Amino acid sequence: MNTSTLKVFAQRLRAHLQQSGISLQHGQALDLVAALAGLRNWPEVNAFPARVAAVSCDNDACQRLAVRISGRCGKSFSVEELRQALETPLPDKPCKSL
């Protein structure tokens, strides 16, 4: 995995949480997805690229994310639900006409 993938996961997670009534800023979502790599926040993601590279979106990583979300947002999600939210692409944004 790399930081670009984690940024996409943060966007997807933010959209998923929004559907559940949890509103986050993008930076807060980045801090949450740092849990996938077992890190505390986004600055640690940038500080430990080798650790990020070694991680995959498996059950253990999604469990860490579920625990982080539960602790910070007070809402529980299943590992499978989070994995699906992270792996499902966001719909394309409509183009704005000039």
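Could you please let me know if Ser56 is of a type in the set (S, T, N, Q) and part of a loop (DSSP other than H, G, I, E, B)? Criteria met by Ser56.
Restricting to the range 51-63, count the residues that are open to solvent by less than 80 Å² (accessible area, probe 1.4 Å), more than 13 Å from Thr5 (Cα to Cα) and not charged (D, E, K, R). Within the range 51-63, residues that are open to solvent by less than 80 Å² (accessible area, probe 1.4 Å), more than 13 Å from Thr5 (Cα to Cα) and not charged (D, E, K, R) number 2.
Here the range 53-98 is the region considered, the condition is being at pLDDT below 95 and β-branched (Val, Ile, Thr), and the residue that is farthest from Arg14 (Cα to Cα) is Val55.
May I ask you to list the residues in the range 1-19 that are of a type in the set (A, V, I, L, M) and open to solvent by less than 40 Å² (accessible area, probe 1.4 Å)? Listed by number, the residues that qualify are Leu6, Ala10, Leu13, Ala15, Leu17. Remark: pairs (first residue in the range 18-29, closer than 17 Å to Ser76 by Cα; second residue not hydrophobic (A, V, I, L, M, F, W, C); Cβ separation under 7 Å; 6+ apart in sequence or on different chains) = Ser20/Lys75; Ile22/Lys75; Leu24/Arg14; Ala29/Arg14. A search for C-beta distances below 6 Å between a residue of the range 71-82 that is open to solvent by 80 Å² or more (accessible area, probe 1.4 Å) and any residue that is in a helix (DSSP H, G or I), counting only pairs 6+ apart in sequence or on different chains, returns Ser76/Ser70. Just one of (1) in a helix (DSSP H, G or I); (2) open to solvent by 20 Å² or more (accessible area, probe 1.4 Å); (3) not hydroxyl-bearing (Ser, Thr, Tyr) fails for Ile22. It is (1).
The values are calculated or read from the model by the stated rules, or taken from the named source; none is laboratory data. Nothing here was measured: the structure is a model prediction, and the numbers come from that model. Here Cβ is always computed from backbone atoms with ideal geometry, including for glycine, and neighbour counts include all displayed protein chains. These area figures cover heavy atoms from the full protein model, side chains too; ligands, DNA and RNA do not enter into them. Shrake-Rupley method; radii C 1.70, N 1.55, O 1.52, S 1.80 Å.
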